[in-house]
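The values are calculated or read from the model by the stated rules, or taken from the named source; none is laboratory data. All values reported here derive from a predicted model rather than from experimental measurement. For neighbour counting, all protein chains shown are included, and Cβ atoms are generated from backbone atoms with ideal geometry for every residue, glycine included. Only protein heavy atoms, including side chains, enter the accessible area calculation; ligands, DNA and RNA are left aside. Shrake-Rupley method; radii C 1.70, N 1.55, O 1.52, S 1.80 Å.
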Amino acid sequence: QAKLVESGGGLVQAGGSLRLSCAASGRTIHNYNMAWFSHTPAKEREVVAAISWNDNTYYSDSVKGRFTVSRDNAKSMVYLEMNNLKPEDTAIYYCAASRVFSRIVLTPGDYDYWGQGTQVTVSS
């Protein structure tokens, strides 16, 4: 059983930056595909960025060019660098791990482990 713990959320002004971290324990993540999901009361959880076990990446159109996902398997860490933040980025951000090995998946149901989430609030 893997445990994921997010950190790094907070309140930031539009145009600012945050770096989210996801620490994994209980199970190595080097052979998991990892993703960051956003969730708001108005929208279901959706992938904003994902990184495969072999460092292929995916970004949603809304964050492409502004967010960067990375991983450090030796430290069992996954990161989301968020730049040029916009008020519409305000959400709870969740780290998730998927045992689907062959491709990056975008459906929450394909992810096996989840963190508790970290709030990101971007003021205008």
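For segment 40-55, how many residues meet the condition of being assigned to a loop (DSSP other than H, G, I, E, B) and surrounded by fewer than 16 Cβ atoms within 10 Å (Cβ to Cβ)?
Residues flagged as assigned to a loop (DSSP other than H, G, I, E, B) and surrounded by fewer than 16 Cβ atoms within 10 Å (Cβ to Cβ) within segment 40-55 amount to 4.
Mind telling me which of the residues Tyr58, Tyr32 ends up being open to solvent by 20 Å² or more (accessible area, probe 1.4 Å) and in contact (Cβ under 8 Å) with a residue 24 or more places away in the chain?
On the way: Tyr32 fails: open to solvent by 20 Å² or more (accessible area, probe 1.4 Å).
Unique residue meeting the criteria: Tyr58.
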Subset of segment 94-122 [over 14 Å from Ala23 (Cβ atoms) and in a strand (DSSP E or B)]: Ser98, Gln119, Val120, Thr121, Val122
Of all residues in segment 1-39 being in contact with a helix residue (DSSP H, G or I) (Cβ under 7 Å, 6 or more places away or on another chain) and in a loop (DSSP other than H, G, I, E, B), the one that is farthest from Ile51 (Cα to Cα): Ala14
Residue in segment 13-23 that is among the small types (Gly, Ala, Ser), more than 14 Å from Pro108 (Cβ to Cβ), touching a Leu at 6+ places or on another chain (Cβ under 6 Å) and surrounded by 23 or more Cβ atoms within 10 Å (Cβ to Cβ) present: no
Total residues in segment 68-107, condition open to solvent by less than 50 Å² (accessible area, probe 1.4 Å) and not aliphatic (A, V, I, L, M): 11
Segment 1-12, subset among the hydrophobic types (A, V, I, L, M, F, W, C) and closer than 15 Å to Tyr79 by Cβ, residue surrounded by the fewest Cβ atoms within 10 Å (Cβ to Cβ): Val5
Residue match in segment 11-25 (condition: touching a Gly at 6+ places or on another chain (Cβ under 6 Å) and either of a type in the set (Val, Ile, Thr) or farther than 29 Å from Ser124 by Cβ (or both)): no
